[in-house]
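The values are calculated or read from the model by the stated rules, or taken from the named source; none is laboratory data. Since the model is a prediction, treat every value here as computed from it, not as a measurement. Glycine gets a Cβ as well: all are built from the backbone with ideal geometry, and neighbour counts include every protein chain shown.
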Amino acid sequence: MRGPAAVALCLVLVACAADAPEQSDWERAQEAQSWQESRVTLPPYPKSANLIEFDVGAGSEFHFLVDPASLSVGSDGVVRYVLVARSAQGAANVSFEGLRCKDGEYKVYATGSGDRTWVKVPLSRWRPVEQSAGSWHRTLANEYFCPQKTPIRTVAEGVDALRRGGNPRAAELRRDAGG
């Protein structure tokens with residue numbers, strides 16, 4: 001098929017796709033039930049010299065940093081990373097976490113101990129990402145690793161977003177929304 005008939009067919013298909021209904025609650029529930037998390041391996045403990053700081057907004061008493069060497073994008077759609085939350089006095093909380101972009105959830109797999117080793121979090125579960133200002137999970141999800149609720153495509157994209165101060169796809173979404 002060529003010419004005007006092919007163009008007309010393409011326009012009809014595009015129009016039908018645009019009017020396609022969103023997933024029903026049942027379809028979403030079935031998809032959630034069939035989702036399986038990939039096997040998780042703890043990364044090496046982070047080195048302070050490699051950490052990249054990101055801004056969670058005014059009012060936070062902590063500095064938040066990510067170890068780019070720990071960043072991964074799983075085939076399960078989960079972005080995993082080591083997070084360091086450092087107080088003004090220099091105390092640091094270290095955790096290995098994952099963001100399930102599509103569902104807006106996070107999970108803590110392990111926390112760091114004083115001897116620079118990991119302590120696995122037993123029976124850790126997925127929790128909703130808090131959407132309030134100053135939430136580091138919200139900032140990492142919306143601005144860096146899960147723009148438009150989709151995971152970064154590559155580790156390089158995530159590291160670039162950290163170095164730039166945000167993911168360009170997140171900026172596009174804000175611009176399209178008029179914000």
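In this entry, residue 90 passes the filter for residues that are assigned to a loop (DSSP other than H, G, I, E, B) and either within 15 Å of residue 125 (Cα to Cα) or free of Cβ contacts under 8 Å to residues at least 40 places away in the same chain (or both).
Checked against the criterion of being in a helix (DSSP H, G or I) and either basic (Lys, Arg) or within 22 Å of residue 122 (Cα to Cα) (or both), region 58-76 contains not a single residue that satisfies it. Only one entry of 170, 88, 133 meets the criterion of being at pLDDT below 95, among the hydrophobic types (A, V, I, L, M, F, W, C), in contact with a strand residue (DSSP E or B) (Cβ under 9 Å, 6 or more places away or on another chain) and more than 19 Å from residue 50 (Cβ to Cβ), and that entry is 88.
Residues in region 83-134 that are touching a Gly at 6+ places or on another chain (Cβ under 6 Å) and closer than 17 Å to residue 62 by Cα were compared, and the one that is surrounded by the most Cβ atoms within 10 Å (Cβ to Cβ) is 94. Taking the criterion of being among the polar types (S, T, N, Q), touching a residue at least 40 places away in the same chain (Cβ under 8 Å) and over 14 Å from residue 54 (Cβ atoms), the residues of region 136-161 that qualify are 150, 154. For the subset of region 144-160 comprising residues that are in a helix (DSSP H, G or I) and at pLDDT 95 or above, which member is nearest to residue 101 (Cα to Cα)? Per the stated criteria, the residue is 145.
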